[in-house]
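The values are calculated or read from the model by the stated rules, or taken from the named source; none is laboratory data. Note that the structure is predicted; figures quoted are calculated from it, not measured. As a convention, Cβ positions derive from the backbone with ideal geometry for all residues, glycine included, and neighbour counts pool all protein chains shown.
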């Protein structure tokens, strides 16, 4: 091994390359049979991590219409293939079996959840927002024009992407809400 550098002298490398008698101890038939989840992907789509404003690049591997893996994009000038723990776990956004795909509603003083269709839920939300804004609107406060409502507030989250956060800020500002915050930077 002279002249091959420090990496070649590292015991794990020597074991895996078979340059010492322990190489078989570091391998097994099961290990040799393992293949990366990315190997069988039919398509690979470039994407951006939705968790914060950094905009790390992601590669989304898809097989038969199902996401099989999400990894950092080494060609991204922002993240150069790296992802934080949230970005590394972003596959769960679309594949986790506990992900809600239907609107659930619990009536006031109710003890259980009921399913609602999306149109009904959207109408309920719109009615409540309009009523709250109407009932809590302040044109002036202590003699100054404020044109605001303190009855509507927003706390955004890290699962919203930049575009969603931008649109939410625009919506709440248009409604007159001044209490708009986001915890994604935590």
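A few remarks follow.
- Condition check for residue 49: at pLDDT 90 or above and either closer than 30 Å to residue 166 by Cβ or exposed (fewer than 11 other Cβ atoms within 10 Å of the Cβ) (or both): no
- Residue count for segment 52-84 satisfying the condition of being modelled with pLDDT of 90 or more, loosely packed, with under 14 Cβ neighbours inside 10 Å and in contact with a helix residue (DSSP H, G or I) (Cβ under 9 Å, 6 or more places away or on another chain): 0.
- Residue within segment 59-81 that is free of Cβ contacts under 8 Å to residues at least 24 places away in the same chain and under 12 Å from the mean Cα position of the chain (by Cα) present: yes
- Residue check, residue 129 surrounded by 12 or more Cβ atoms within 10 Å (Cβ to Cβ) and within 18 Å of residue 175 (Cβ to Cβ): yes
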